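The values are calculated or read from the model by the stated rules, or taken from the named source; none is laboratory data. No experiment lies behind these values; they were computed from the predicted model shown. Every residue, glycine among them, receives a Cβ derived from its backbone with ideal geometry; neighbour counts consider all protein chains shown. In case anyone asks, the SASA skips ligands and DNA or RNA and just uses the protein heavy atoms, side chains included. Shrake-Rupley method; radii C 1.70, N 1.55, O 1.52, S 1.80 Å.
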Amino acid sequence: MDGNEEVPLREPCSPGPAGVEAALEENLRAIDIPPRPMILDRIRDEMMQDDPCLRRVGQLINADVGLAAGLIKTAGSPSFGLRTRVRSVADALMLLGLDVTSRAVAAINLRRAFPNSGHYVRFWDASARIAALSGWLAQEISLPGLHAADAYTFGLFRDCGIVILLRRLPTYMQTLARANGDAERSFTAVERAEHPTDHAVVGGLMAVDWWLPDELCQAIRHHHERAALASLQPDLPPPSRRLIAVSQTAEHLLQQLSGASRTQEWAKLGEVCLPLLGIDEKDLRQLHSGATAIIQTAA
């Protein structure tokens, strides 16, 4: 294998836990998904203890200066939803808890997982702004079960499959341009017409492997599907639909207010997203001032 072959992926929903694990392992190898950082395993191990020790997790995080600084910055961001100033890793752990800390650590490690990805600077910058806007929107809209930390993490991970496929498939850049410009077919339908998979499947696999919560994994897997947003797929839980809706709305605001490259996604999904968030176009316009401030400060 020369590293550029398009390897068919197995359906990740094979029946039974053993089938799911086997399909996941095979697909991770086939598509070259970045391995899960060891720190996530160590945090998860601590979470599984009868009496988890925050101090021990803090020591693990503080051993990586960049990770520690990133956690403090992330937890202190207005988009992450905390109202108390975060001065240390210990503060972050106390305020976030182990579960949310694990998601924050995953988010910080995401870009690290793609060495030599400077070619995709615009992609990473857009993802950071969508994540920041998503976390901020979750607080502004204030719906039950929609948490800023989850919205922020989802915004970062939502399109990570795009970078994986750009690195893996030689013609994917052209596919991406066609998917962005197609006003009729879903984004993932365009991808699947030209490749054996799509970025939502690949991103969903990575999210599962990186221990993200099920509602985030499902949201990543289905975030271009109108039927999923419109409740026509009853297995997709409401929290996942809200995460999709808030990130699509965040992307729409980013494109409207910054002149970022336009896609056709809002035309296809916007009328389903707004009711899920309990807002309308007038409400959306009233969010422009706050959204502009978030865009200007996010990086």
Notebook entry, point to check: Which of T197, T171, T249 moves the most in a Gaussian network model of the chain with Cα springs under 10 Å?
Noted result: T171
Next item on the list: State to the nearest 20 debye the size of the charge dipole of the stretch 121-279 about its Cα centre, where the only charges are +1 on K and R beta carbons and -1 on D and E beta carbons.
Entry: 280 debye
Margin query: What whole-number distance in Å separates the alpha-carbon centres of the stretch 34-105 and the stretch 113-159?
Written below: 18 Å
Check: List the GluC sites (Glu not before Pro) in the stretch 163-236 that DSSP assigns to loop (not H, G, I, E or B) and whose Cβ has at most 14 other Cβ atoms within 10 Å. Which are they?
Finding: E184
Check: Where q = 0.12, 0.19 Å⁻¹, what log10 of I(q)/I(0) comes from the Debye formula for the stretch 39-184, counting one point per Cα?
Finding: -0.57, -1.15
Check: Which entry is the computed P(r) over Cα pairs in 10 Å bins from 0, in percent for this structure: [x] 6, 28, 36, 23, 6, 0; [y] 6, 23, 25, 26, 17, 4, 0; [z] 7, 27, 33, 19, 9, 3, 1, 1, 0?
Finding: [x]
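Let me spell out the model: positive unit charges on the Cβ of Lys and Arg, negative unit charges on the Cβ of Asp and Glu, origin at the Cα centre of the stretch 242-299. What dipole size does that give, in debye rounded to 20? Walk me through the intermediate numbers first.
Working: 5 positive and 6 negative charges, 16 e Å.
Rounded to the nearest 20 debye, it is 80 debye.
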Note to self: Given the -39500 (n - 2.57) contribution per DSSP H run of 4+ residues, what per-residue ellipticity at 222 nm results for the chain, rounded to the nearest 500 deg cm²/dmol?
What the structure shows: -21000 deg cm²/dmol
Next item on the list: Taking the Cβ of L133 as the centre, find all other residues whose Cβ is under 11 Å away and add up their charges (Lys, Arg: +1; Asp, Glu: -1).
Entry: -1
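Determine the dipole magnitude for the chain: charges of +1 sit on the beta-carbon of Lys and Arg, -1 on that of Asp and Glu, nothing else is charged, the reference point is the Cα centre, and the result goes in debye to the nearest 20. Intermediate results must be reported in sequence, preceding the final value.
On the way: 30 positive and 36 negative charges, 203 e Å.
Dipole size: approximately 980 debye.
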Margin query: If you average the alpha carbon positions of the stretch 173-227 and of the stretch 236-267, how far apart do those two centres end up, in angstrom?
Written below: 14 Å
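Report in % the part of the accessible area of the stretch 71-175 that belongs to carbon and sulfur, leaving out ligands and nucleic acids; probe 1.4 Å. Write out the running numbers ahead of the final one.
Values: 2210 of 4270 Å².
Percent of accessible area from carbon and sulfur atoms in the stretch 71-175: 52.
Excluding A228 itself, what net charge comes from residues whose Cβ is under 15 Å from its Cβ, given Lys and Arg +1 and Asp and Glu -1? Before the final figure, lay out the partial values.
Details: positive: R158, R221, R226, R241, R242, K268; negative: D198, D214, E215, E225, D235, E265, E271.
Value of the local net charge: -1.
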Next item on the list: Report the local net charge at G278: Lys and Arg +1, Asp and Glu -1, summed over other residues whose C-beta lies under 15 Å from its C-beta.
Entry: -2
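Can you tell me the accessible area per residue over the stretch 193-244, all protein chains present, probe 1.4 angstrom, in square angstrom?
On the way: 1770 Å² over 52 residues.
Per-residue value: 34 Å².
Based on the Cα atoms of the stretch 260-299, what semi-axes does the equivalent ellipsoid have, where each is the square root of 5 times one gyration tensor eigenvalue, given in whole Å with the largest first?
Details: eigenvalues 81, 47, 13 Å².
Over the Cα atoms of the stretch 260-299, the ellipsoid semi-axes are 20, 15, 8 Å.
For the stretch 209-299, which whole percent of the accessible surface, found with a 1.4 angstrom probe, sits on carbon and sulfur atoms? Mind dumping the intermediate values first?
Values: 2010 of 4050 Å².
Looking at the stretch 209-299 in its full context, I get 50 percent from C and S.
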Checklist line | Highest-MSF residue in the chain out of V65, V89, V201 [GNM, Cα springs under 10 Å] | finding: V65
Next item on the list: Identify which of G161, G204, G58 has the largest mean-square fluctuation in a Gaussian network model of the chain, with springs joining Cα atoms closer than 10 Å.
Entry: G58
